[in-house]
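To keep things clear, I will list the structure first and then write my remarks on it.
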Amino acid sequence: MKKIAIIGRPNVGKSSLFNRLVKKRDAITSDLAGTTRDVKRTVVTILDKEALLLDTGGLDKGCELFDKIKEMSLKAAYAADIILYMVDGKSIPDDEDKKLFYELQTMGKDIALVVNKIDNDKMKEKLWDFYEFGTGDIFGISVSHNRNTVELLEWIASKIPESDRIKEEEEQEEEIEVFEPEVLSDEEFFAQYDEEDEDDHFFYTDEEEVEDDSIFGNNDRIKEYDEEDINHIKIAIIGRTNVGKSSLLNALLKEERSVVSSVAGTTIDPIDETIEYKDKQLTFVDTAGLRRRGRIVGIEKYALMRTTQMLENANMALVVLDASEPFRDLDEKIAGLVDKNQLACIIVLNKWDIADKQNHDAIIEEVRDRFKFLSYAPIITLSAKSRLRVDKLYDMILKVNENYSQRIPTSQINEVIEYALRRHTLPSVSGQVIRIYYATQYDIRPPKIAIVMNKPKGLHFTYRRYLVNKMREVFDFTGTPLLFKAKKRGR
């Protein structure tokens, strides 16, 4: 599959073009230079032909962060087959742009000069200035107004071989299902969901469990599961800023996929990458570092929204903590997102190479004390920077996913329930005897067990916790939450 890289200086419209080509608002866009920092990859269809589209960070220089962004962007460009070099049509041609454009031309790549922000016919005269780049493949477009993009699409399609054309059956299916969505700016999109919150934090976890029997209305039948889906594990890497999430992603992939710098909040767009390991697909997502609400500024608000969206679609979370410094309250609140989304979990103590190893037991004890709601999560100490024990994480992920996806036979579940009832009977409520008839697992990822009883509201959360503990004593649920819910018979 051909690779198409969109490169150029900051704020020329690369991410906007990327969103236009993928036909959805995928990359975060803003007027702030350096919004895109990592290389974002998505398979796109260009006039019935498939290709891998790469959105890169701006080719700027100055601080450590921008130098690393430029380095990674150029690396993507050199590896691409087709290059869309974007410039701002409202400015004069830049000597650095011309120098880099000439260099890429000498490599024999298919390269087009895309002059963006040609918003009206009068501005077309500006295109003559850009013939200094020495190419005839110049396209004056306006991404924001969707002007004059057809010729660019035809040029891209002409560089993609016929072997990458989508089959006719798939084309007919697309004609029925695919539609052109309304393209909103990120500001417009997030404004729909942006609500004022007096709380200084951006999320919280409830300590009290809320009963909701209504969810069982359609869950009496055992579902059929797609084995291929179970073999695909979507893993979100979460934590506060500068705990080493991007370094961990790079270590797991064994390549520099995500920009790493000492600048807090380097990662903005969630970056995902899939690898194969022991017949499983592992998709790692490097999410933006999270802060307290009062400290979230500018595009970080959008990054937070994208992170929470990624967690909703994930199966597992790697909660990354910095073992070289004291844990913070914010670490606990971030970990609360795992509990909220009912994800499988592994707690990663990063930077172990510079941590106080003599206090190993004390550090582990503090983690267990602070993160009691993740008591089921295994803990691994490692160093993403030096790759210390990173290789052990792969097998741990597979084991946790196995536990997260397991189905326990109904007979075995009821043996445990009967044993638990003999050890500690259900207390009566207002003089009414509370009976459990039987229990059955009705869902996986995470495992969910329905308790069929005469008075569902009589199952107090403390007794539910007691049943969870008894199940964990018998079955291996390491790394996964285990949910018990009550329902009436026949409902």
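The values are calculated or read from the model by the stated rules, or taken from the named source; none is laboratory data. Quick caveat, the model's predicted, so the values are computed rather than measured. So basically every Cβ, Gly included, is an ideal-geometry build from the backbone, and we count neighbours across all protein chains shown.
Got at least one residue in the range 476-489 being out of contact with any helix residue (DSSP H, G or I) (no Cβ under 9 Å at 6 or more places or on another chain), at pLDDT below 90, of a type outside the set (A, V, I, L, M, F, W, C) and surrounded by fewer than 18 Cβ atoms within 10 Å (Cβ to Cβ)?
Yes, that holds for at least one residue.
What number of residues in the range 466-484 are in a helix (DSSP H, G or I) and either polar (S, T, N, Q) or on the phi > 0 side of the Ramachandran plot (or both)?
1
Yes or no: residue 456 in contact with a Lys or Arg (Cβ under 7 Å, 6 or more places away or on another chain), touching a residue at least 40 places away in the same chain (Cβ under 8 Å) and either buried (at least 16 other Cβ atoms within 10 Å of the Cβ) or closer than 13 Å to residue 434 by Cα (or both)?
Yes; evaluated as a whole, the condition is true for this residue.
Taking the criterion of being surrounded by fewer than 21 Cβ atoms within 10 Å (Cβ to Cβ), free of Cβ contacts under 8 Å to residues at least 40 places away in the same chain and in contact with a helix residue (DSSP H, G or I) (Cβ under 9 Å, 6 or more places away or on another chain), would at least one residue in the range 116-124 satisfy it?
There is no residue in the range 116-124 that is surrounded by fewer than 21 Cβ atoms within 10 Å (Cβ to Cβ), free of Cβ contacts under 8 Å to residues at least 40 places away in the same chain and in contact with a helix residue (DSSP H, G or I) (Cβ under 9 Å, 6 or more places away or on another chain).
Determine which member of the set 73, 142 is within 16 Å of residue 10 (Cβ to Cβ) and among the small types (Gly, Ala, Ser).
73
Please work out if residue 88 is over 27 Å from the mean Cα position of the chain (by Cα) and free of Cβ contacts under 8 Å to residues at least 40 places away in the same chain.
Against the criterion (over 27 Å from the mean Cα position of the chain (by Cα) and free of Cβ contacts under 8 Å to residues at least 40 places away in the same chain), residue 88 does not qualify.
Residue-by-condition table, conditions (1) more than 17 Å from residue 248 (Cβ to Cβ); (2) buried (at least 21 other Cβ atoms within 10 Å of the Cβ); (3) more than 21 Å from the chain's Cα centre (by Cα):
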site	(1), (2), (3)
319	no, yes, no
336	yes, no, no
339	yes, no, no
366	yes, no, yes
370	yes, no, yes
373	yes, no, yes
383	no, yes, yes
400	no, yes, no
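What number of residues in the range 105-114 are over 22 Å from residue 160 (Cβ atoms) and at pLDDT 90 or above?
0
Which of the residues belonging to the range 245-290 are closer than 19 Å to residue 338 by Cα and modelled with pLDDT under 70?
270, 288, 289, 290
Among (1) touching a residue at least 60 places away in the same chain (Cβ under 8 Å); (2) surrounded by fewer than 19 Cβ atoms within 10 Å (Cβ to Cβ), where does residue 450 come up short?
(2) is the only condition that residue 450 fails.
Which ones in the range 402-447 are part of a loop (DSSP other than H, G, I, E, B) and surrounded by 15 or more Cβ atoms within 10 Å (Cβ to Cβ)?
Answer for the range 402-447, where residues must be part of a loop (DSSP other than H, G, I, E, B) and surrounded by 15 or more Cβ atoms within 10 Å (Cβ to Cβ): 405, 406, 408, 426, 434, 444, 445, 446, 447.
Exactly one of these conditions fails for residue 385: (1) of a type outside the set (A, V, I, L, M); (2) farther than 21 Å from residue 477 by Cα; (3) out of contact with any helix residue (DSSP H, G or I) (no Cβ under 8 Å at 6 or more places or on another chain). Give me its number.
Residue 385 satisfies every listed condition except (3).
Determine the pairs where a residue that is touching a residue at least 40 places away in the same chain (Cβ under 8 Å) and in the same structural domain as residue 279 (by TED's automatic domain parsing), located within the range 383-405, has a partner that is of a type in the set (Phe, Trp, Tyr) and assigned to a helix (DSSP H, G or I) with Cβ atoms under 8 Å apart, the partner being 6 or more residues away or on another chain.
none
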